[in-house]
1. Quick one: which helices (runs of 4 or more DSSP H) sit completely within the stretch 105-216 and have at least 1 residues that are at pLDDT 80 or above?
2. Taking the criterion of being open to solvent by 40 Å² or more (accessible area, probe 1.4 Å), at pLDDT below 80 and farther than 19 Å from Thr18 by Cβ, would at least one residue in the stretch 57-71 satisfy it?
Amino acid sequence: MNSLAHTRTWDYALTVATVVLLATLGLQSLLGTFYAWWALSTIPNWEAFGYNDFVRVMNLIAAPQVVALVVVMGLCVPKRLLDRTALIVVSGVMLGIGLVAWVITGSMQDGLATYLALAGLIQVAVVALTVAGTRGPSYMTEGRLVKTGSGLLHLGFIAFAYVVVALQNSAFMLPAFWVATLLTVVGTLMSFYADKLAFRTRVRAEVDRPLAGAGD
């Protein structure tokens, strides 16, 4: 029971941290949008002389939040497959590989992208194992549809973060963004409406099932 309680507390803490970080990034984006609208309408030639400084400040504010979000999401993913000790080791290895990529390329962006790519590969494995019905992946919820939805939702978050971190100037940005959006929407629907989907599946199975003794 103590192990289960610790796992629930760990899961809850990671969930809260993820939600808080996403909320702060959303709030920053909202406030930044309002400020840009105000500056464009009140400061002459702001887009020519003030916009670059505005973007620089916004990036400085967002950078630690993005790094923290990437680390938290990286912890959320392998915990589906590993216990606490192995999780710390694997997460440390992932972080180390990301740091090595940063040092080699000289770009923090490349380091974060490498870390997210590793997290994404693990999450793909988690979703595949969940769909296959193995007992390995652990979740706070029950039911294969809900678990699959949760896995897809996490994968969508990772894909979206990868788009933001690595694909800003890439021709693949829009396709990757829509893939991330699709994963997030499908994962959300499966997570919140799994009971209705499961009910329809059961009803269809009962309708299609031959009546007992019908072939006698």
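1. 108-132, 144-166, 173-192
2. yes
The values are calculated or read from the model by the stated rules, or taken from the named source; none is laboratory data. Since we're looking at a predicted model, the values are computed, not measured. No Cβ is skipped: glycine too gets one built from the backbone with ideal geometry, and neighbour counts run over all protein chains shown. What goes into the accessible areas is simple: the full protein's heavy atoms, side chains included, and nothing from ligands, DNA or RNA. Shrake-Rupley method; radii C 1.70, N 1.55, O 1.52, S 1.80 Å.
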